[in-house]
1. Once you keep just the Cα pairs under 8 angstrom separated by 6 or more residues, what percentage relative contact order results for segment 491-538?
2. Please quote Rg/Rh for segment 1-160 to two decimal places, taking the Kirkwood radius as Rh and restricting both calculations to Cα atoms.
3. Once you order the gyration tensor axes a ≥ b ≥ c over the Cα atoms, which shape class does segment 397-536 get: rounded for a/c under 1.5, otherwise prolate or oblate by comparing a/b with b/c?
4. Provide the percentage of antiparallel DSSP beta bridges, counting only those with both residues in the chain; round to the nearest 5.
5. Among F108, F268, what's the order by accessible area (1.4 angstrom probe), most exposed first?
6. So what's the projected area for segment 272-326, the Cα convex hull averaged over all directions, in nm²?
7. Output the 0 to 90 degree angle, nearest 10, between the alpha-carbon long axis of helix 302-317 and the longest principal axis computed from the alpha carbons of the chain.
8. Given the DSSP H assignment, sum -39500 (n - 2.57) over each helix run of at least 4 residues in the chain and divide by its residue total; what's the result at 222 nm in deg cm²/dmol, nearest 500?
Amino acid sequence: MKPEELLHIIHPLQQAGRFDGTPGRLVIDSREVRKNDVFLALRGTRSDGHAYIREAVRKGAGVIIAEHIPDAHSSGTRSSKTIHPEENVWYLQVADTRSIAGELAQAFADYPAKSMKMVGITGTNGKTTVSTLVYQVLVKLGYHAGLLGTVETRIGDKVLPSRLTTPDSVTIADILRQMVEVDTAFAIMEVSSHALEQQRTGGIRFDVAGFTNISQDHLDYHRDMASYIEAKKRLFVTLDENAVSVVNRDDPASWKVTDGCRADTWSFGFESDRDFRILDERSDGMVLDLDGTIVSTPLTGRYNAYNVAQAYLICLALGCPQYSVAGALGDATGAPGRLERVTAGGLREAETPKEANGQKPAEAGGDSAGEAEMEPGASVETTPQPVVFVDYAHTPDALENVLRTLDNVRSRKETLHVVFGCGGDRDRTKRAEMGRIADRYADVVTLTSDNPRTEEPDAIIRDIRGGIVRSEHLYIEPRRRKAIRSAILDADTRTIVLIAGKGHETYQEVHGRRHKFDDREIAAKALAEWIDRRLSGKRKRARKTGGEVS
């Protein structure tokens with residue numbers, strides 16, 4: 001980028017020093033600075049980039065963009081060293097570095113977002129499922145699509161793990177640039193409230209924006225619900241008149257979110273709009289009437305009806321043929337870690353309880369001891385076993401949605417056991433509420449750790465326990481691995497075990513470190529052990545009675 005182009009984008013309040021070279025990359029982490037790079041000092045929630053200007057200069061930064069320029073008496077950093085003009089550094093002062101970060105990042109990456117149709121999806125729950133469904137439909141229809149979200153980032157054939165729902169501006173621009181390089185036509189992005197508040201998506205013109213819903217979450221950051229809603233609104237007020245917003249009108253907050261939105265708004269709802277209906281809800285999926293188009297989906301649960309409907313409308317807004325979209329949704333399984341069925345031999349996505357043993361509700365279960373007899377020749381595949389799900393539900397609304405879904409589709413004989421905790425260093429007010437929800441829907445509750453971060457697990461569990469009344473069916477096990485194993489090994493064939501809170505995550509965060517931890521992997525191993533114990537017991541009984549097990 002030429003110096004004059006840089007000035008045109010940021011309109012500095014004042015300048016100091018000089019730089020004779022060509023500005024290199026845009027960098028926001030001083031540890032990554034190389035010779036001639038442009039260092040943008042951002043104020044974060046935990047650290048301030050202005051404190052690392054000296055380090056950036058020492059590493060060879062040619063341009064510093066900051067909210068204040070160090071003078072001859074102070075470097076403006078933690079260092080007391082003076083910055084001299086002969087260091088060949090060009091200082092540009094702006095009022096707010098965050099407000100220009102997105103536009104600047106896009107410019108340095110040659111505006112990749114302009115080369116694709118951009119889809120942004122925000123809301124408390126459902127972002128990942130809706131984004132994944134849209135991506136899966138587009139790929140099924142033969143389009144080149146990219147995905148940037150909570151679970152993973154997909155660039156062509158590459159699948160990369162995601163650390164944040166929406167990364168920083170520079171990372172976003174780099175990912176979009178890579179998508180353009182592999183001829184991506186559509187980029188689907190989850191847009192978090194943090195990202196919107198911090199303007200990480202600045203400089204991106206979204207063609208379609210989706211709003212799923214609002215419920216209590218991230219109040220440790222946003223202070224109150226009004227601020228949280230206002231953050232979500234940022235995505236819609238930046239849309240132009242040629243864009244389309246797709247919103248769930250059954251959520252009252254949708255009117256506040258779209259207030260002032262210039263885009264064409266497409267709304268839907270299963271309560272507020274009689275043209276959207278759930279025709280049939282079964283253990284193996286749903287049949288929906290979406291404004292006259294019949295869609296059969298393998299996903300189940302009322303909240304998934306909203307996810308499917310929104311994905312359908314977003315694809316139509318992108319210009320896809322409606323009947324092709326409806327057909328593709330029939331094969332779309334949604335996001336990993338969202339009501340994901342775990343089996344001893346691996347993982348199967350988007351299955352529900354009655355599928356587990358191939359039985360109808362009234363037939364589920366076994367003998368009076370709760371364990372069906374196994375025939376000679378029984379195997380892992382044919383052995384009746386507990387039904388185990390892993391779900392990302394980590395908010396009161398999400399936990400209630402998934403527990404209500406499982407409660408609705410289970411038989412009268414089946415017991416529902418939920419294992420969950422709450423994240424540390426996050427909104428404490430939701431903990432007791434999540435305890436009340438678990439107490440209301442589940443027959444058995446095990447409280448354990450989620451990502452405790454810097455909090456003590458026992459303290460978090462005490463907060464959750466404050467909402468639980470039926471203590472006779474409550475178990476406490478702070479060690480998550482042991483809690484999962486115990487819930488599964490103590491189950492019988494009439495037990496549904498829901499492991500909630502972490503879903504797709506493959507780590508557990510404790511005191512600033514992320515340790516390898518995957519609920520699905522641990523549950524699968526425990527389930528295999530459960531089956532092995534039953535098969536071993538059957539063989540022993542067969543030997544004692546002179547029978548054979550082949």
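1. 24 percent
2. Result: Rg/Rh = 1.08.
3. Because a/c hits 1.5 or more and a/b fails to exceed b/c, segment 397-536 counts as oblate.
4. Around 40 percent antiparallel, to the nearest 5.
5. Highest to lowest solvent-accessible surface, that is F108, F268.
6. Its Cα hull, projected and averaged over all orientations, spans 3.5 nm².
7. 40 degrees
8. Mean residue ellipticity at 222 nm (helix-derived): -9500 deg cm²/dmol.
The values are calculated or read from the model by the stated rules, or taken from the named source; none is laboratory data. These figures come from a predicted structure and were not determined experimentally. We place every Cβ from the backbone using ideal geometry, glycine too, and count neighbours over all the protein chains shown. Areas reflect the complete protein model, heavy atoms only, side chains present, ligands, DNA and RNA absent. Shrake-Rupley method; radii C 1.70, N 1.55, O 1.52, S 1.80 Å.
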